C-alpha cells in the first residue's frame, strides 16, 4: 500500500515537532495538503502550520477527527488517554488510530475507544525531519493488515519503518527513538575536542558530521558488522587504537549500554 491508497482525510491531533514532521513529509510525498487537518491546544500553532504547509485548520480536536480515515495522535504521552477519551464518539467507526507517543500501549489506548477502531503504535525519530527517519510499528489487537500498511505508508513518507511485536517497542524506542540524541552528544564531544586541538569550530563540525554520515552509510550499504568495520580502521599500535583504548578505559561502551537500558525502562514507566 502507498499513500495514494488512502482515500480519506488524515487528521493530526497535536501539531508539535513530530506532528509537523510527519505531515510535511506526507505533503512532500504527494499527499494533498487539503486532505490533512490539524488541531492543537495552541491556536497560533495551528495557524503557523496552515500558513507553512497549506493544511486545514480544525477548531477543536473533535472537529479535526470527524470523518477522517486516519487519525494521528501526536500529543505528549501523558495526554494520550484523555484525548482518546474525549474523541471516542467522534471518530469514524473503522478509523485507523496511529499514536506516535512513547510508552502508551495499544491495549491501553484500545480500552478508551469503541470496538472497531484500529489502533497502531508508531515510534518515529527526529531524522524524519530530513526524510531519513526510522520508525517501529506495532499493531493493536483490532488492527488488521490494512491498518498496518497505512501506518507503514505514512512512516515511509519520512524515512523507513519496520514492523515489530509491541513487546519490543520499549527496547526499540531506546535505540532509534532516543538514539539520535546519543549521537548528537557524541558529535558535540568530537567537535569540542577538535576545537581544543586547534581546528576552527566550522571545520571540526564539518569533519565530525560528515564522518557520522559516512560511517552510517558504510554500515548500511555494505552490511559489514560494526566490529569488522572498527577493526578495518584500527591498525595495531596506531592512532585509532590509542583512541579506542581511552574510550574503553572511561567505560564508554558500558555507559552507552546502561543509557539504552535506562531509556527502555523509562519508556515502560511512561506506559504505566
- Taking only Cα atoms and a 10 Å spring cutoff, compute GNM fluctuations for the chain and point out the largest among 110, 169, 79. 79
- Is it possible to state the helix-based mean residue ellipticity at 222 nm for the chain, with each DSSP H run of 4+ residues giving -39500 (n - 2.57), the sum divided by total residues, to the nearest 500 deg cm²/dmol? What is it? -15500 deg cm²/dmol
- Give me the number: length gained by fully extending residue 42 to residue 28, i.e. 0.36 nm times residue separation minus the C-alpha to C-alpha distance, one decimal in nm. 2.6 nm
- Task: Quick one: angle between helix 239-249 and the longest Cα principal axis of the chain, in degrees between 0 and 90, rounded to 10, please.
- Result: 60 degrees
- Would you list 1, 123 from fewest to most Cβ contacts within 10 Å? 1, 123
- Message: Suppose R0 equals 35 Å. What FRET efficiency, 1/(1 + (r/R0)^6) with r the Cβ-Cβ distance, do residue 213 and residue 85 give to the nearest 0.05?
- Response: 0.20
- Item | Förster radius 45 Å - calculated FRET efficiency between residue 2 and residue 195 (Cβ-Cβ, nearest 0.05) | 0.50
- Chain lengthening between residue 162 and residue 69 when straightened (0.36 nm per residue, less Cα-Cα): 31.2 nm
- Helix 179-196 axis, angle to the chain major axis (alpha carbon atoms, nearest 10°): 40 degrees
- Task: Determine the distance separating the Cα centre of segment 88-126 from the Cα centre of segment 207-272; give it in Å without decimals.
- Result: 35 Å
- Note on the structure: Note on segment 16-142, DSSP bridge orientation, antiparallel percent to nearest 5 equals 30 percent
- Query: Please state the relative contact order of the chain as a whole percent: Cα pairs under 8 Å, 6+ residues apart?
  - Reply: 15 percent
- Restricted to the chain, the DSSP antiparallel beta bridge percent, nearest 5, is 15 percent
- Item | Which of 209, 75, 119 has the fewest Cβ neighbours within 10 Å, and the rest in rising order | 209, 75, 119
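Read-outs: derived from the displayed coordinates by stated rules, not from any lab. Predicted model, so just to flag it, every value in this text is computed and none were measured. Quick reminder, even Gly has a Cβ in these numbers, built from the backbone with ideal geometry, and neighbours come from all protein chains shown.
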